[in-house]
Amino acid sequence: MTGAPRELLYRGIDPAEAAALATRHLSRHDDGELYLQYRVTEAFGFDDSRLKTADFHTGSGFGLRGVTGETTAFAHANEISAAAIERAAQTLKLLDPAKGAPSEPPPRTNRAMYGDDDPLSAIPFAKKVELCQAIDAAARARDPRVAQVSVALQGSWSVVEIVRAGGFAATDIRPLVRLNVSIVAKQGDRRETGTFGIGGRHLYDQLFDPATWNRAIDEALAQALVNLESVPAPAGEMPVVLGPGWCGVLLHEAVGHGLEGDFNRKGTSAFSGRIGERVAAPGVTVVDEGAIENRRGSLSIDDEGTPTGRTVLIEGGILKGYLQDRLNARLMGMEPTGNGRRESFAHAPMPRMTNTFMLGGKDDPAELITRVKDGIYAKSFGGGQVDITSGKFVFSCTEAYRIEGGKLGAPIKGATLIGDGPSVLTRVKGIANDMALDEGVGICGKAGQSVPAGVGQPTLLIDGLTVGGTAA
């Protein structure tokens, strides 16, 4: 690719002209921005030992947003030109002019959380197909019980610029890659699945390293073989030990969404108006940090131009703050935290998590299991859902075990964890010293928008969760 990545945004308009349009149309409002984006994405799906899908997409566009008070006007188009921006600006006429001075622009940063290089163009198409073939062949050769292998390889590269009234402009160039391996193992007439994924904001190199993709096969196969031995899950309320890393998705759903600024400003979250109160057991500290190098959920700046950082949400069990974009921070008299995120130029930003995790404690992970006479150990989850207002959540376990007499017992199938965020954190009885972040495959949905996100936690002992099981 020739030229600087930023030039991809300015093929139909001059940067000075875009800045002048932003100033002309946005300076009469409290806040707002012209968000320009160029993005290229690809996805390979390999199934039944052959390439089933190969998608490649490139697109660009802008979103123009004006904000007065708590009212937002937003228009977007997939053509970046002066004429298209002028047409979009007609929407802003619906807003009243601001009564006070416009909001200050975000602080500037030169700190980058990832490199600028485009992962998609660095490796030829044929090599990506060969990688999928190699993974498929290696997985099938691992064990005679392997009945089916699915490989998904995905990448994207996005160039964004946020232009505000008064000459502020901030640019970010965002790579993102991921690899998923799913294996179905068959024994007799029984079939079970295991999955593993890995990714981040970096080039494909790491995923093409045989050590990485062989680990993906090993993890997915191990899960499938464990599930072949699984027995129906028990039901009822019981102690639950959650494994480290990806199990932090429960934290993300159970409390993370409830700590986003919009829900708290409107009073619809179970955590509204509770800053300074105890909301979790002593020792529970939860942070959201967008500034971790190369992580899937990380950003150098958010989608309003605010630098990301480390926001302490809960410290020692006490609620300390919320995740804020500019609009909700201004209306709540708080500072933006760098959590204004959007799926693309066609979406307005809102407060969203980046990498959200619980810090480790002092307990030994193995010792936590010995404290449980009768319960379950959840090592991995599939999907989860939460109701923000009540905090009620439900999760399905993809790999879990009985705990009997303080020891790990048989693997179990069909376990779901049911509870509510505000009470689950008060029931934490043990926090291990093995905090880990997930492997980099998280996708967070909110109000119809999906963004990449990271989770993490140490091994946790929770004294009582409702387990929905399948045992008679």
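The values are calculated or read from the model by the stated rules, or taken from the named source; none is laboratory data. It should be emphasised that the depicted structure is a prediction, and the values quoted were computed from it without experimental measurement. Note: ideal-geometry Cβ built from the backbone for every residue, glycine included; neighbour counts use all protein chains shown. For the accessible areas, the whole protein counts, side chains as well, though only heavy atoms, and no ligand, DNA or RNA atoms are used. Shrake-Rupley method; radii C 1.70, N 1.55, O 1.52, S 1.80 Å.
Observations
- Virtual paramagnetic centre 7 Å along Cα→Cβ of E367, amide N under 19 Å, in the range 408-437: 408, 428-436
- Here the chain is treated with +1 on each Lys and Arg Cβ and -1 on each Asp and Glu Cβ, and its dipole about the Cα centre works out to around 480 debye.
- The loop-placed GluC sites (Glu not before Pro) in the range 161-237, going by DSSP, that have at most 16 neighbouring Cβ atoms within 10 Å of their Cβ come out as E229.
- Sum of -39500 (n - 2.57) over DSSP H runs of 4+, divided by residues of the chain (222 nm, nearest 500): -5000 deg cm²/dmol
- For the pair I418 and R215, the difference between a 0.36 nm per residue extended length and the Cα-Cα distance amounts to 70.0 nm.
- The range 181-274: relative contact order in percent, alpha carbon pairs under 8 Å with at least 6 residues between: 23
- Of the GluC sites (Glu not before Pro) found in the range 56-114, the ones in coil according to DSSP and having at most 16 other Cβ atoms within 10 Å of their Cβ are E70, E79.
- Cut-off 14 Å between beta-carbons: net charge of the residues surrounding R108, Lys and Arg +1, Asp and Glu -1: -3
- Using a probe of 1.4 angstrom and keeping all protein chains present, the accessible surface of the range 164-285 works out to 35 square angstrom per residue.
- For V394, residues with placed amide H under 5 Å, excluding near neighbours: Q385
- Apportionment of accessible area to carbon and sulfur, the chain, percent (1.4 Å): 52
- FRET efficiency for the pair A126 and D47, taken as 1/(1 + (r/R0)^6) with r the Cβ-Cβ distance and R0 = 25 Å, rounds to 0.85.
- Relative contact order, whole percent, for the range 1-114 stands at 27, derived from Cα pairs under 8 Å and 6 or more residues apart.
- Overall form of the range 95-251 per C-alpha gyration tensor (a/c, 1.5; a/b vs b/c): oblate
- Taking a sphere under 12 Å around the Cβ of G66 and counting the other residues whose Cβ falls inside, with K and R at +1 and D and E at -1, yields a net charge of +1.
- Karplus 3J(HN,Hα) series, Hz, for the range 181-190 with 6.51 cos²θ - 1.76 cosθ + 1.60 (x for Gly, Pro): 10, 10, 10, 9, 9, 10, 9, x, 9, 9
- Remark: the N433-D189 segment gains 83.7 nm on full extension, using 0.36 nm per residue and subtracting the alpha carbon distance.
- When each of the peptides 102-111, 318-327 is scored by the mean number of other C-beta atoms lying within 10 Å of its residues, the order from highest to lowest reads 318-327, 102-111.
- Ranked from largest, the principal axis spans of the Cα set of the chain equal 69, 56, 34 Å.
- Share antiparallel - DSSP beta bridges, the chain, percent rounded to 5: 90
- Straight-line cross-link partners of K362 among the lysines, defined as a Cα under 18 Å from its Cα and at least 8 positions apart when in the same chain: K429.
- Cα long-axis angle, helix 125-142 against the chain (0 to 90 degrees, to the nearest 10): 10
- Relative contact order (%) - criterion: Cα under 8 Å, at least six apart; region: the chain: 16
- Angle between the chain longest axis and helix 15-26 axis [Cα atoms, degrees, rounded to 10]: 90
- Derived scalar couplings ³J(HN,Hα) [the range 223-239; Karplus, 6.51 cos²θ - 1.76 cosθ + 1.60; whole Hz; x for Gly, Pro]: 5, 4, 5, 4, 5, 5, 8, 6, 10, x, 6, x, 10, x, 8, 7, x
- Within the straight-line cut-off of under 20 Å between alpha carbons, the lysines reachable from K320 are K266, sequence neighbours fewer than 8 places apart in one chain being disregarded.
- Amide H contacts under 5 Å for I318, placed H, 5+ residues apart: V279
- Couplings 3J(HN,Hα) for the range 334-351, derived from phi with the Karplus relation 6.51 cos²θ - 1.76 cosθ + 1.60 (θ = phi - 60°), are 10, 8, x, 10, x, 10, x, 10, 9, 5, 6, 4, 7, 10, 7, x, 8, x Hz, where x marks Gly and Pro.
- Nonlocal amide H pairs with G409, under 5 Å, H built at 1.01 Å: R402, I403, E404
- Extension gain, Q90-A20: 0.36 nm per intervening residue step, less the Cα-Cα distance, totals 23.6 nm.
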